[in-house]
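Okay, so here's the structure we're looking at.
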Amino acid sequence: MAKEIERKFLVDGDGWKDGAEKGVRLTQAYLMSGPQRSLRVRIFDGGRARLTMKFGGAALSRDEYEYDIPLADALELVGHAVGSVIDKTRYRLADAPYVWEIDVYHGDLSGLVVAEVELPDEAATPRLHDWLGREVTGDPRYLNQTLSETGRHPEEAD
């Protein structure tokens with residue numbers, strides 16, 4: 001069983017940009033969404049696609065299963081999206097032994113920038129950079145699943 005263990009933060013500043021790799025544009029559509037579970041399709045730069053199932057809520061740790069799928073299938077599946085299709089650019093920033101992923105959202109979610117770091121275990125302590133804002137690990141409003149359901153920036157949805 002695959003486990004996803006990650007911490008998530010709002011981004012407060014541009015300090016991450018200097019060390020980040022070139023971004024990848026992601027189209028992300030949820031096909032099924034429910035309490036403690038989701039099924040999504042994600043298209044990377046319009047060239048490849050992956051299907052992902054997650055089990056567990058907004059907690060630090062969740063079960064995750066991912067599978068590459070044909071791009072043509074993914075494009076069809078996006079048409080079956082539940083809620084809004086998410087459009088964002090993901091940047092990666094190496095910070096040995098960790099890698100930060102910074103998501104810059106577009107469209108209705110424009111202005112939202114979130115950083116997450118995957119961890120080997122729940123006790124791991126990555127360096128917390130000064131460009132990180134408030135931690136939102138465990139806050140379900142910042143799950144992409146919730147963002148797709150509401151179609152709005154979490155602070156505007158309150």
Q: Identify the single condition in (1) in a strand (DSSP E or B); (2) without any contact (Cβ under 8 Å) to a residue 40 or more places away in the chain that Arg92 does not satisfy, given that it satisfies every other one.
A: (2)
Q: Give Arg152, Arg141 a once-over and let me know the one that is surrounded by fewer than 19 Cβ atoms within 10 Å (Cβ to Cβ), modelled with pLDDT under 95, not hydrophobic (A, V, I, L, M, F, W, C) and not in a loop (DSSP other than H, G, I, E, B).
A: Arg141
(Q) Can you go through Arg7, Arg62 and tell me which one is under 25 Å from Ala96 (Cα atoms), in contact (Cβ under 8 Å) with a residue 60 or more places away in the chain and under 16 Å from the mean Cα position of the chain (by Cα)? (A) Arg7
Q) Taking Gly57 and the conditions (1) closer than 20 Å to Glu122 by Cα; (2) assigned to a strand (DSSP E or B), which numbered condition does it fall short on, given that it satisfies the others? A) (2)
Q: State whether the residues of the range 112-125 include one that is at pLDDT 95 or above, part of a loop (DSSP other than H, G, I, E, B) and crowded, with 16+ Cβ neighbours inside 10 Å.
A: yes
Q) Counting only residues that are touching a residue at least 60 places away in the same chain (Cβ under 8 Å) and not β-branched (Val, Ile, Thr), how many does the range 129-158 have? A) 18
Q) Of all residues in the range 53-83, which are in contact with a strand residue (DSSP E or B) (Cβ under 8 Å, 6 or more places away or on another chain) and either under 17 Å from Arg25 (Cα atoms) or charged (D, E, K, R) (or both)? A) Lys54, Arg62, Asp63, Glu64, Glu66, Asp68, Leu71, Asp73, Ala74, Leu75, Val78
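The values are calculated or read from the model by the stated rules, or taken from the named source; none is laboratory data. Keep in mind that what you see is a predicted model, and the values were worked out from it rather than measured. So basically every Cβ, Gly included, is an ideal-geometry build from the backbone, and we count neighbours across all protein chains shown.
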